[in-house]
Amino acid sequence: MNITDRRRVLGPSDAQPFSLSNVVLADDQNMADVAESLSDDQIPTKIYLKSGVVNNASGSAYYESGAIKLIATVYGPRPIRGLFTTSAKLSVETRILPISVLSLSTFSNLASTSISTQTLSNIVASKSSQSSVLEKNISSFINEAILPSIFVDNYPKSSIDVSLTIISSGKNSKSVIAAATTATSMALVDAGIELKDVVTAGSVLLSRGNDNTTFTMDPNVIPQGDDVDAVIAYTSMIDDSITGLWVEGNKVDEDEMKQLMDKTRLMSRNLRNIVNEMLISEFQQKETIARNLQVSGSGGEKEKKNNEDEDDQMTE
């Protein structure tokens, strides 16, 4: 009798090997125009991103940009006991080290932000995360931004647990949230979770002066007065769909909102290019290691066979 393991997601019988030789990044003229219009102080800071940094986790990613340093780890998919669900449940837990909370001067603004009951019900966090409204706000945004990118129907009766540790941060909370969103999505990729697309996020600060309005990408300053702070998450390689949006501050008109979206989209695409390069590099490294193991294994078998032939000749 043929028994099929229903808990395992099997690929199609006519599946083709994955190839990176034909990958071409989309070139949007509008994004090029936005990039050329940026001044030196508006260009995002350099980013360091590495996956697989935690050995005992299903997947992990380390993100560093300026003063921001954080680690995202993923555990699962893990079975849910005593509860039947047709799709996976995403759990996000955020832990901010005390030294980081001191640098986030916008804590009072975040703590006063209202969160819907539906959003909180989607977050399954530990008691340590519940003690901080700031941590719950970050977990809430990441949960809503990442969940649409996961093929949750492929993991029934399962939970995907994300643990986010913010080691250090700058003065702007939206930049931290953008970094945490990208790191979380990269950790899911490292864990082998099936995704529709990698989610990357950008943060922008709109500053209103006496005579002009400036936009600062990946800001590390505290919003003042009539400033507007924004973080927007995208699935850049599909159709630039917005999976998460958080705009805080004074009112914005249609033109300002369009510029906020253009600049965060540009930052998101730049991040996606970095992610693509990292994924291709890691894929090539794993492929090289597997090839070397295969060659060394075949060489060992050949040497063993030669030794057996020599023993047979000596016996004769």
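Read-outs throughout are calculated quantities, based only on the coordinates presented, and are distinct from any laboratory measurement. Because the structure is a prediction, the values reported are computed rather than measured. When we count neighbours, we look across all protein chains shown, and the Cβ atoms used for this are built from the backbone with ideal geometry, even at glycine.
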How large is ³J(HN,Hα) for each residue in the stretch 168-181, as worked out from phi by the Karplus curve 6.51 cos²θ - 1.76 cosθ + 1.60 (θ = phi - 60°), to whole Hz, x for Gly and Pro?
-> 8, 9, x, 8, 10, 5, 5, 5, 5, 5, 4, 5, 5, 5
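Which order do Lys89, Lys263, Lys136 fall in if you start with the one that has the fewest other Cβ atoms within 10 Å?
Details: Lys89 20, Lys263 27, Lys136 23.
Placing the least packed residue first, the sequence is Lys89, Lys136, Lys263.
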So if we plug the beta-carbon distance of Thr288 and Asn210 into 1/(1 + (r/R0)^6) with R0 = 41 Å, what FRET efficiency do we get, rounded to 0.05?
-> 0.10
If you bin the C-alpha pair distances of the stretch 133-281 every 5 Å from 0, what whole percents do you get?
-> 2, 9, 19, 21, 19, 14, 8, 4, 2, 1, 0, 0
At 0.692 mPa s and 37 °C, Stokes diffusion of the stretch 132-207 via Kirkwood alpha-carbon radius, µm² per second | 244
